[in-house]
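Below is one structure, written out as structure tokens, with a few remarks after it.
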Amino acid sequence: QMQLVESGGGLVQPGGSLKLSCAASGFTLDVYAIAWFRQAPGKEREGVSCIREDHSTHYLDSVKGRFTIVRDNAKNTVFLQMNNLRPEDTGVYYCAAVRGPISPAIAPIEYNYWGQGTQVTVSS
């Protein structure tokens with residue numbers, strides 16, 4: 001059974017850092033594109049970052065320079081390092097996977113495997 005499991009969320013003060021993990025089981029991530037999405041209460045799910053099989057990446061404009069997505073195929077895991085966090089980064093963060101081409105738009109409709117999410121709260 002293919003599963004994605006997110007971890008690493010929590011409560012952090014503005015300016016702090018968190019590192020999210022997306023671990024795959026039942027399949028190997030190296031032939032999949034992986035993306036991180038987030039959803040704040042009352043808002044639509046938005047794409048934060050994605051990484052292709054060739055390790056090329058795309059980011060939401062508001063997180064460029066603060067977030068970094070990397071994949072570790074040996075660990076079958078994708079990470080999202082989040083630095084200089086802001087209150088507007090608060091939300092449930094989901095990772096998602098798809099086998100095939102993806103667009104730079106980081107659109108939820110392009111991905112067909114999803115994790116359950118991990119809560120990130122940025123607050124003083």
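Read-outs: derived from the displayed coordinates by stated rules, not from any lab. None of these values were measured; they are calculated from a predicted model. Here the Cβ positions follow ideal geometry from the backbone for every residue, glycine too, while neighbour counts run over all protein chains shown.
Write out the trypsin sites (Lys or Arg not before Pro) in segment 55-124 meeting two conditions: DSSP loop, and at most 14 other Cβ atoms within 10 Å of their Cβ. Could you put the intermediate results ahead of the total?
Numbers: sites: K64, R66, R71, K75, R99; in loops: K64, R66, K75, R99.
Qualifying residues, ordered by number: K64, K75, R99.
Evaluate E = 1/(1 + (r/R0)^6) for A107 and Q1, where r is the Cβ-Cβ distance and R0 equals 30 Å; express this FRET efficiency to the nearest 0.05. Please list the in-between numbers first.
Details: r = 25 Å, r/R0 = 0.85.
The pair A107/Q1 has a calculated efficiency of 0.75.
Provide the gained length on full extension for the span R66 to R99, in nm with one decimal, where the gain is 0.36 nm per separating residue minus the Cα-Cα distance. Mind dumping the intermediate values first?
On the way: separation 33, 0.36 × 33 = 11.88 nm, distance 2.70 nm.
Between R66 and R99, full extension yields an extra 9.2 nm.
Per 0.36 nm of contour for each residue apart, how much would the distance between Q119 and R52 grow if the chain were fully extended, relative to their Cα-Cα spacing?
On the way: separation 67, 0.36 × 67 = 24.12 nm, distance 2.44 nm.
Between Q119 and R52, full extension yields 21.7 nm more.
In debye, nearest 20, what is the charge dipole magnitude of segment 47-124 about its Cα centre with +1 on Lys and Arg Cβ and -1 on Asp and Glu Cβ, if you could check? Write down the numbers at each step before the final one.
Working: 7 positive and 7 negative charges, 24 e Å.
So the magnitude is around 120 debye.
Simple spin-label model, 7 Å along Cα-to-Cβ: S25 to N83 in nm?
Placing both labels 7 Å along Cα→Cβ, they lie 3.3 nm apart.
For the chain, which cysteines have no disulfide-compatible partner, meaning no other cysteine Cβ under 4.7 Å?
C50
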